[in-house]
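Remarks on the structure that follows.
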Amino acid sequence: MEITTWYSSHFEHQLKGRYITLEHIFPLLEKYKSLYSVEVVGTSEMGHDISMLKVGSGNKIVLAWSQMHGNEATTTKAIFDFLKFLSQKQHFITEIEQFLETFTIYILPLLNPDGAQRYTRENANSVDLNRDAHKLTQRESKILHAVFKKVAPELCLNLHDQRTIYGLDTGLPATISFLAPAADKERRITPSRKIAMEAIVRMYHSLQHHIPGQVGRYDDTFNVNCVGDTFQKAGVPTILFEAGHYRGDYMREKSREFIFYAFLELFEIFDNKSESINYMHYFEIPENKVNYKDIILRNVRYNNSDSPSAIAIQFSEILVENTVEFQPHIDAVGDLDNFIGHFEIDGEGASVLVNSQENVFVGDKVLDIVNKMDDSVVYFPNK
């Protein structure tokens, strides 16, 4: 059986969408208590449990954490896809047994439960935990630091989502991005960083079979306040994962699948060592660019202009009654030739009204955009 075939039927169906909280993963943690070690390693600023799973019994120790930013749940879904893969007994049994004998992986699937519940990047005290690695002012930061010291990993996985604004020189969106964080301001290639780079190169090559031209890397400017930089500085190879946008996939259901495939390659589940890996190839991975908008309406006139131009619309993700709504707003106007829209509309030179108004203002929430001459809908969110 091909792994893509297995995944299409067996991914973790209990987790879907962008809003993933403790309430969603609790039944799965209870289920996995019969297979793996599951323990509460501390509580959040608001007193919510932070749990850790221990999977495998091998000598290679890995520490992974997801939803350090509460509104970034794609990698959490991918973690539970991976756990479901490991726990099933029908397919790839030899490969799974080899993994469990080789690796011990400690997983914090939801490090920021308060932010997850509120659907915010920050925790309950409005602190970005990924900027708290040096001062350790928050309970969640202290818990991760304590686990790091206790388990003494030889590899760390810092799992995140990235915004839809990122694309690549290929003209395609950055669906998955990686970073081997710098260990110092000089961004030297330390032994730990070299290991992280080599692992990223392997995942990059593997993902080209699934999303060619849609895998990128982040800028590696050093920041001592970031967790990945701190752990890399401590001599532990650390990899930043960023799950991004795939065309039409605002729920990140395809992105989670590609993260799952990256996990398989990282842990050498299928041992695809067909070519030698050179860490210097890491720098051949295209770097992320801010070159995408959610929607671009091109070739339209507005503000009583005689010349056609463009309007960019970006979505704000708003939690409304436990559902994430994508609310459109005007993000930019004018010459947008250097940007690509995940969805583009040709206004065919029409003069348009935004929310029935003549003038267009950046930041305005969009209710509708219509042709000024005949009231035909050019853009309407529900469509």
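Observations on the structure shown:
- Considering only residues in segment 349-362 that are on the phi > 0 side of the Ramachandran plot and out of contact with any strand residue (DSSP E or B) (no Cβ under 6 Å at 6 or more places or on another chain), the one that is surrounded by the most Cβ atoms within 10 Å (Cβ to Cβ) turns out to be Asn355.
- Flag for Pro328 being assigned by TED's automatic domain parsing to the domain that holds Arg187 and modelled with pLDDT of 95 or more: no
- Asn322 meets the stated requirement of being under 24 Å from Met251 (Cβ atoms), in contact (Cβ under 8 Å) with a residue 24 or more places away in the chain and not assigned by TED's automatic domain parsing to the domain that holds Arg118.
- Inspection of segment 248-255 finds a residue satisfying the criterion of being buried (at least 23 other Cβ atoms within 10 Å of the Cβ) and in the same structural domain as Ser276 (by TED's automatic domain parsing).
- Members of segment 6-52 found to be of a type outside the set (Ser, Thr, Tyr), assigned to a helix (DSSP H, G or I) and exposed (fewer than 14 other Cβ atoms within 10 Å of the Cβ), listed by number: Glu23, Phe26, Pro27, Glu30
- Every residue from segment 82-109 that is touching a His at 6+ places or on another chain (Cβ under 9 Å) and surrounded by 22 or more Cβ atoms within 10 Å (Cβ to Cβ): Phe85
- Segment 135-183, residues that are within 22 Å of Lys254 (Cβ to Cβ), of a type in the set (Gly, Ala, Ser) and out of contact with any Asp or Glu (no Cβ under 6 Å at 6 or more places or on another chain): Gly167, Gly171, Ala174
- Residues of segment 129-149 that are part of a loop (DSSP other than H, G, I, E, B) and surrounded by 17 or more Cβ atoms within 10 Å (Cβ to Cβ): Asp132, Ala133, Gln138.
- Segment 98-117, subset polar (S, T, N, Q) and more than 14 Å from Ile143 (Cβ to Cβ), residue nearest to the chain's Cα centre (by Cα): Gln117
- The set of residues in segment 256-297 being surrounded by fewer than 12 Cβ atoms within 10 Å (Cβ to Cβ), part of a loop (DSSP other than H, G, I, E, B) and among the acidic types (Asp, Glu) consists of Asp271, Glu275.
- Where Ala312 falls short, out of the listed (1) small (Gly, Ala, Ser); (2) free of Cβ contacts under 8 Å to residues at least 24 places away in the same chain; (3) out of contact with any His (no Cβ under 7 Å at 6 or more places or on another chain): (2)
- Only residues that are outside any loop (DSSP other than H, G, I, E, B) and surrounded by 17 or more Cβ atoms within 10 Å (Cβ to Cβ) were counted in segment 327-339, giving 4.
The values are calculated or read from the model by the stated rules, or taken from the named source; none is laboratory data. As the structure is a prediction and not an experimental result, all values here were calculated from the model. In this analysis, Cβ positions are derived from the backbone assuming ideal geometry, glycine residues included, and neighbour counts consider all displayed protein chains.
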